[in-house]
Amino acid sequence: MKRSLPLLAVCTALTLPLAAQEGAQQAAQPIAIEPSSNVIFPMEVGIPGGEGTHYLAGMGVRTKTFLKVKVYAFGLYVDRQAAPEALADWQGKMWNDLQKDDSFYAALLEMGFPMTLRLVMTRNVGGEDMAEAFDGALTPRVQAVAAEMPGGEAAVQQFRAYFSVEEMTDGSELIFTCADGTLSSSVKGEVMGDIESPALCWALFDVYLGEDPVSKDGKKNVVQNFPNILAGR
């Protein structure tokens, strides 16, 4: 059977016109589109409150209830200079191989290079509901690694406060970058204070890449572009 080209590889050729300031020339930025939600993901995203960008590795969607109601789309971004060195053992592997390789996901969760998660809401969700959802996912994880990485529960409570908004509306964007055990965040365009917590960083990415991910299909799809990244393309 002939295999179809991965969607991410097709969409990287697309461009999305960016809103230009008055009198400025309109620019274009490469994008990809998460297929089940039609949410647009730029191929590169800026680090909250910092310098530089991370590159899109893949996308997924978070659903809830047996009706598969879409809550948000999410994309995994990585430092494309640091990732190939840290993941040298997987260079030359195809996406079909990587998505089935537990050791590859374990290597990602060693947090050996900077990574970013970008979430885009696909429906309106109360801020407190969003906070409780993250709390429920993160607290058991940081408790499980408390012996090796203490202080995670306090960090989760600090993180929870980032959602003290009335509502996360459809289209709201959340960006979370972890580098060297420090979480940098942007919620609805507002840069939040950094949180120094290796446990929180690990737990947040384990929600999407770990043994019990919030989306099994999403876990596979967020590594779709790693063959290109590791090859330096």
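The values are calculated or read from the model by the stated rules, or taken from the named source; none is laboratory data. Not measured: the values here are computed from a predicted model. Please note: Cβ atoms are built from the backbone with ideal geometry, for glycine as well, and neighbour counts cover all protein chains shown. Surface accessibility is based on the protein's heavy atoms, side chains included, excluding ligands, DNA and RNA. Shrake-Rupley method; radii C 1.70, N 1.55, O 1.52, S 1.80 Å.
Counting only lysines at least 8 places from residue 100 when in the same chain, those with an alpha carbon closer than 29 Å to its own are 2, 64, 68, 70, 216, 219, 220.
For the residues 197, 37, 164, a GNM of the chain with alpha-carbon springs under 10 Å puts the largest fluctuation on 164. A Förster radius of 22 Å combined with the Cβ-Cβ distance from residue 144 to residue 217 puts the calculated FRET efficiency at roughly 0.35.
Taking 0.36 nm per residue of separation and subtracting the Cα-Cα distance, what length does fully extending residue 53 through residue 29 add?
Full-extension gain reported as 7.3 nm.
Dipole magnitude for the range 123-233: about 520 debye, using +1 per Lys or Arg Cβ and -1 per Asp or Glu Cβ, origin at the Cα centre. Taking the Cα centre of the chain as origin and assigning +1 to Lys and Arg Cβ atoms and -1 to Asp and Glu Cβ atoms, the resulting dipole is close to 1120 debye.
With a/c under 1.5 counting as rounded, go ahead and sort the range 100-180 into rounded, prolate or oblate using the C-alpha gyration tensor (a ≥ b ≥ c being the square roots of the eigenvalues; past the cut-off, prolate if a/b is larger than b/c, else oblate). Verdict is oblate for the range 100-180. Residue 190 exposes around 110 Å² of accessible area when a 1.4 Å probe is run over every protein chain in place. Oblate is the label for the range 135-233, because the ratio a/c of its alpha-carbon gyration tensor axes (a ≥ b ≥ c) is 1.5 or higher and a/b is not greater than b/c.
Let me check against my output: what whole-number percent is the relative contact order of the range 31-113, with C-alpha pairs under 8 Å and at least 6 apart? Once divided by the residue count of the range 31-113, the mean separation gives 20 percent. Using only the Cα atoms of the range 169-211, build the gyration tensor, take square roots of its eigenvalues as a ≥ b ≥ c, and label the shape rounded, prolate or oblate: rounded if a/c is under 1.5, else prolate if a/b is larger than b/c, else oblate. Verdict is oblate for the range 169-211. Exposure check, 1.4 Å probe, all protein chains in place: residue 65 carries approximately 80 Å² of accessible surface.
Only the Cβ atoms of Lys and Arg (+1) and of Asp and Glu (-1) were treated as charged; on that basis the dipole of the range 25-105 about its Cα centre amounts to roughly 540 debye. Rounded to the nearest Hz, the phi-derived 3J(HN,Hα) couplings of the range 50-60 under the Karplus curve 6.51 cos²θ - 1.76 cosθ + 1.60 (θ = phi - 60°) are x, 10, x, 9, 10, 10, 5, 9, x, 9, x, where x marks glycine and proline.
The helix-only estimate of mean residue ellipticity at 222 nm for the chain, built from DSSP H runs of length n ≥ 4 each weighted as -39500 (n - 2.57), is -8000 deg cm²/dmol after division by the residue total.
As a length-normalised measure over Cα pairs under 8 Å and 6 or more apart, the relative contact order of the chain settles at 22 percent.
Note on residue 89 and residue 135: with the Förster distance fixed at 45 Å, the Cβ-Cβ geometry gives a FRET efficiency of about 0.80.
Please list 149, 43 in order of solvent-accessible area, largest first, computed with a 1.4 Å probe with all protein chains present.
Heavy-atom accessible area, descending, gives 149, 43.
Comparing 178, 115, 69 along the charge dipole axis of the chain, the residue lying farthest to the positive side is 69, per the Cβ-charge model. Among the protein heavy atoms, those of residue 132 account for about 100 Å² of accessible surface (1.4 Å probe, every chain in place).
Between residue 158 and residue 110, take the C-beta separation as r, use R0 = 30 Å, and let me know the FRET efficiency to the nearest 0.05.
0.80
Atom-type composition of the exposed protein surface of the chain places 49 percent of the accessible area on carbon and sulfur (1.4 angstrom probe). Mean sequence separation of contacting Cα pairs (under 8 Å, at least six apart), scaled by the length of the range 135-233, corresponds to a relative contact order of 23 percent. Here's how it looks for residue 57: its modeled amide H is under 5 Å from those of 76, 77, 78, which are all 5 or more places away or on a different chain.
In the range 62-172, taking the dipole from charged Cβ atoms about the Cα centre, the farthest positive-side position among 146, 125, 103 is held by 125. Just so you know, the Rg over Rh for the chain is 0.95, from Cα atoms, with Rh as the Kirkwood radius.
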